[in-house]
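The values are calculated or read from the model by the stated rules, or taken from the named source; none is laboratory data. Only a predicted model underlies this, so the values are computations on that prediction, with no experimental measurement involved. In this analysis, Cβ positions are derived from the backbone assuming ideal geometry, glycine residues included, and neighbour counts consider all displayed protein chains. These accessible areas exclude ligands, DNA and RNA; they are computed on the full protein's heavy atoms, side chains included. Shrake-Rupley method; radii C 1.70, N 1.55, O 1.52, S 1.80 Å.
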Amino acid sequence: MRVTGRMIVAVWMAVGTLTAFGQRNVEEIRREFLDTDSRVVLVASHRAVHHYFPENSLPAVREAIRLGIDIVEIDVKVSKDGVPFLMHDRTMDRTTTGKGDPEEFTFIELQKLRLVANGKETNEKIPALQDVLNLAKGHIMIDLDLKTDRLDAIMAVVKKTGTQNIAFFFDSDYEALAEVEQADADYMLMPRAYSEAMADSAIIRFGPEVVHIDSKFYTPEVTRLIKGNKARIWINALGEPDQKLRSGKVEEALSDLLRFGANIVQTDEPELLLDALKKAGRH
């Protein structure tokens, strides 16, 4: 449910500190994440929970934890002075009060800006990756969507925070993932595939924990290939499936998403999807 006015204020106050509303222990989530034979479908929140809060913000991650979501997807860049931070777009025009390429600014300069949500300025600052990972520890897994080629700084923060067990690296650039794997073979990876042949190549090259596919080549053959190589299958609900969830066509949405065995779903409607999966006995 979307809310406005006083109800939004109440939500903000409710998540000022973490509550036990739906939280899960991250070790439980990790066990499911690595168990490719499990019937449990994991929920990944796209750019965290951004109905009430700015995308890629600390409150949006905190809300995902509160709701008991399994995975939060965040986008990571690196500032001019080497500090990893969260932001999706090439420029910061849409999501902040600033303009231009954020990687051309120091982190102190970025901290002078404020995040924007639904076109309105908020009091939230651009979060450092370190703060997000420290918040996530013990609560939720993190999908690091790499929006930069400056990977050393990101890997350094993952190691500094001791979050190698909950963070995994996502990219469609296999050379970037190869750099991560070369740095530490224990890092978890999610390559993006755009065809069955590409999925096969990703499996051969990386032996990843999860492979990101899409509906264009979502077939029984692809899911057998991925599951047969002990990886989970990530698919997006973004767009039409999410709209079906919003409009109450829950069974139709789940049928679209799960029909061939995908077992991690990324969504802009994490609360609705989680509820639907629980009622269907899949979470």
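At-a-glance table
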item	result
Odd one out for residue 247, checked against (1) open to solvent by 10 Å² or more (accessible area, probe 1.4 Å); (2) among the polar types (S, T, N, Q); (3) in contact (Cβ under 8 Å) with a residue 24 or more places away in the chain	(3)
Enumeration of residues in region 224-235 that are open to solvent by 10 Å² or more (accessible area, probe 1.4 Å) and in contact with a strand residue (DSSP E or B) (Cβ under 8 Å, 6 or more places away or on another chain)	227
Complete set of residues in region 69-94 that are open to solvent by less than 10 Å² (accessible area, probe 1.4 Å), assigned to a loop (DSSP other than H, G, I, E, B) and within 23 Å of residue 44 (Cβ to Cβ)	69, 70, 87
Residues of region 95-121 satisfying the condition of being open to solvent by 40 Å² or more (accessible area, probe 1.4 Å), of a type outside the set (S, T, N, Q) and on the phi > 0 side of the Ramachandran plot	119
Residue 163 vs. criteria surrounded by 17 or more Cβ atoms within 10 Å (Cβ to Cβ) and either more than 19 Å from residue 86 (Cβ to Cβ) or β-branched (Val, Ile, Thr) (or both)	yes
Conditions (1) closer than 22 Å to residue 132 by Cβ; (2) modelled with pLDDT of 95 or more; (3) open to solvent by 20 Å² or more (accessible area, probe 1.4 Å); (4) part of a loop (DSSP other than H, G, I, E, B); number of the one not met by residue 52	(2)
Qualifying residue in region 159-175 (condition: of a type in the set (A, V, I, L, M, F, W, C) and in a helix (DSSP H, G or I))	no
Residues (open to solvent by less than 10 Å² (accessible area, probe 1.4 Å) and farther than 19 Å from residue 235 by Cα) located in region 141-160	151, 154, 158
Region 38-49, residues that are touching a residue at least 40 places away in the same chain (Cβ under 8 Å) and either out of contact with any Lys or Arg (no Cβ under 8 Å at 6 or more places or on another chain) or of a type outside the set (Lys, Arg) (or both)	38, 40, 41, 42, 43, 44, 45, 46, 47, 49
Any hit, region 122-132, residues being out of contact with any helix residue (DSSP H, G or I) (no Cβ under 7 Å at 6 or more places or on another chain), among the β-branched types (Val, Ile, Thr) and surrounded by fewer than 15 Cβ atoms within 10 Å (Cβ to Cβ)	no
Of all residues in region 173-197 being open to solvent by 50 Å² or more (accessible area, probe 1.4 Å) and touching a strand residue (DSSP E or B) at 6+ places or on another chain (Cβ under 9 Å), the one that is farthest from residue 140 (Cα to Cα)	173
